[in-house]
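These notes concern the structure reproduced below.
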Amino acid sequence: MADQVLQDIKDRLDIIEVIGSYITLKKSGANYKASCPFHNEKSASLMVSAPKQIWHCFGCGEGGDIFGFVMRYENIEFRDSLKLLAQRAGVELPQYNRAAKDATPDESEALIRINDFAARFYHQSLLSPHGKTALDYLHSRGLTDGTIADWGIGFAPDDFHLLESALKQKGVTLEQMVRAGVSVKNDRGQMYDRFRNRITFPIKDYYGNVVGFTARILDDDTGQAQQAKYVNSPETPIYNKSKVLFGLHAAKEAIRKADEVVVVEGQMDVIMPHQAGFTNTVASSGTALTEQQLKQLGRLTKNIKFCFDADSAGLQATRRAGEIALQQGLRLKIIVLTDVKDPDELIRKGSGLWEKAVKEAVWFIDYYINRAANLHPSGSVEQKHYLSETVLPLLGYITDPVEQDHYVHSLSTDFLISEKVIRDELKKTASAQLAGVTSAQTSEAQFAQADPATRAQLSLEKQVLGGLLFSPEYVKFAQEQGLGDEMENPTLKQLANAALLGELDQSAVNGEVLAKEALFMVESQLDNLDNNELALMRELEKSLFLLKLASIKRRQQELTLEIKKLEKQNDNLGVEQLTKIFAELVGQRSNIEAQLAQ
């Protein structure tokens, strides 16, 4: 994206107006002040400078320009923030081409329009005489007409070509219908509507665009007894099941405000809590909660409560999702249901019962410790086996050493097991994860156990070094861009500097495990790209920019602490000097983010 386009958007928009449309700003001298929406705080510490058109929070260290704020607040990537602000500024963005498997911007909009039309078509069908049975069923489940309308719930009639005919009248081609996921083409080339004689729940992305559907059979329709209870939209250019969370578009503001999210399984388990006023609820739509979905929630809040069905599948899903969440440093609890199978059923008994269950949610690790006490006799061998096989592996996923130490002490006290035995078992668990790993792979295994931020940093550093070892052209690119203190790993940094100076000793490379890993990483990447060296170079260039971006963010955090110290010392001159440096970093950060958007 050309720098001139970015500057044009900035020139047309006022940062005070943009940020003020999201949060309440109050005049504070020459600047504006607000409570930071990105962390909990008692006193306002987010400052916005109108003359400099930048913002910064002295509480959490976040800061940047209008693009950075919108990215952070809307939980979106730079390209998406660019599109939002360009529309707001009335600036037309240059078109670009994505990978062949993805939709172009124009096609994405077309596919969204098709799904939106289908949602409205099904909703009108629900309200027609054809949908009376489905509407009565929804009413029997406790849904009001207002809720049904708000969520766009509909009914797909028992007709193979009804939606197809309606879309054809709008000029939609059969190929577009299939690509949008609303129609199916069988092996004989015959076309038919994907959803028939089912209640439809539109699936919306983060921005509220309809990207797919979940369609449910009617309980009292015996003709559907042999069919799947749910039929879902397939993966399409606009619908990625591993990324989309049902209800997030309607829950994101409540999640930010409550600083907590409740994750349930199905659509009704989301809609009923929202109807009852518990609007910080989302669903995994019956699929396993993914790392991408948890990262998305983690940008809104670090506090997550799971409430999956109490059957074996639900317990397994809870366990797996919990392991991922713990590794991401999220604060995780489980909502325990008794005498009901899901949140929908409990809320229909009384919204107060659901509110009580949410408030009394237990910590994730405590839940499994409690099961050890309830499932097996105290002090029994069976109980010890359960703790060893079920609870101790979970402790290994905890990234906070203080929290891990708390549970080690708790297990020792409550179950009369020496702390030494518990810690020895934890070491064995870690060793088992490394079993079969050669010395050349040990650092990679340690890397996998590191916290997410450390893993991301080390991965970027290895990819950059791998590029330097692999491509003289990339060495020239890195020399032009500059590579100073961005690397933190001393070994990688030393090798990279030597490569840039043309002083790299091949024997040093052969003797370093990290160097060999780095080169292998790039060689494997080239293989995955079908030996497209131009595509590889683009990925390597992106890694260097991401590395530099991470370094700038770290420096901004350091400056935040230094500025705070100088403010306490009333050193206004020092604060002014460091603020100027901070403003320069904001500019550098914006330039790099623009490079990454190309």
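Using the Cβ-Cβ distance between ASP424 and SER378 with R0 = 22 Å, the FRET efficiency computed as 1/(1 + (r/R0)^6) comes to roughly 0.50. In terms of its alpha-carbon gyration tensor, the range 64-216 comes out oblate; a/c meets the 1.5 threshold, while b/c is at least as large as a/b.
For the range 1-66, the solvent-accessible area with a 1.4 angstrom probe is 50 square angstrom per residue. This structure gives Rg/Rh (Cα atoms, Kirkwood Rh), computed directly, and of (i) 0.95; (ii) 0.99; (iii) 1.20 that value is listed as (ii).
Taking all protein chains as present, what is the carbon and sulfur share of the accessible area of the chain, in % to the nearest whole number, probe 1.4 Å?
On the chain, the fraction of accessible area on carbon and sulfur atoms equals 49 percent.
The alpha-carbon of LYS493 sits under 28 angstrom from the alpha-carbons of these lysines, leaving out residues fewer than 8 places away in its chain: LYS462, LYS476, LYS516, LYS542, LYS548, LYS553.
Let me have the 222 nm mean residue ellipticity of the chain computed from DSSP H runs of 4+ only, each contributing -39500 (n - 2.57), with the sum over all residues rounded to the nearest 500.
Computed ellipticity for the chain at 222 nm equals -17000 deg cm²/dmol.
First check a/c for the range 157-218, with a ≥ b ≥ c the square roots of the eigenvalues of its C-alpha gyration tensor; if it is under 1.5, answer rounded, and if not, answer prolate when a/b is larger than b/c or oblate otherwise. Oblate, since a/c reaches 1.5 and b/c is not below a/b.
In terms of its C-alpha gyration tensor, the range 191-281 has an oblate overall shape, because the principal axis ratio a/c (a ≥ b ≥ c, square roots of the eigenvalues) is not below 1.5 and a/b does not outweigh b/c. When DSSP beta bridges are restricted to pairs lying wholly in the chain, around 75% turn out antiparallel. For the set LYS10/LYS564; LYS27/LYS564; LYS185/LYS295; LYS229/LYS341, the pairs lying more than 26 angstrom apart at their alpha carbons are LYS10/LYS564; LYS185/LYS295. Here the relative contact order of the chain, from alpha carbon pairs under 8 Å that lie six or more residues apart, stands at 9 percent. Based on protein heavy atoms only, the range 229-280 ends up with 36 Å² per residue of surface accessible to a 1.4 Å probe.
In the range 318-407, taking the dipole from charged Cβ atoms about the Cα centre, the farthest positive-side position among PHE364, ALA321, LEU337 is held by LEU337. Highest mean packing comes first when the peptides 467-475, 405-413, 587-595 are listed by Cβ atoms within 10 Å, giving 467-475, 587-595, 405-413.
The values are calculated or read from the model by the stated rules, or taken from the named source; none is laboratory data. The structure presented is a predicted model; accordingly, all values stated were derived computationally and were not measured. Methodologically, a virtual Cβ is constructed for each residue, glycine included, from the backbone with ideal geometry; neighbour enumeration extends over all protein chains shown. Keep in mind that these areas ignore ligands, DNA and RNA; they rest on the heavy atoms of the full protein, side chains included. Shrake-Rupley method; radii C 1.70, N 1.55, O 1.52, S 1.80 Å.
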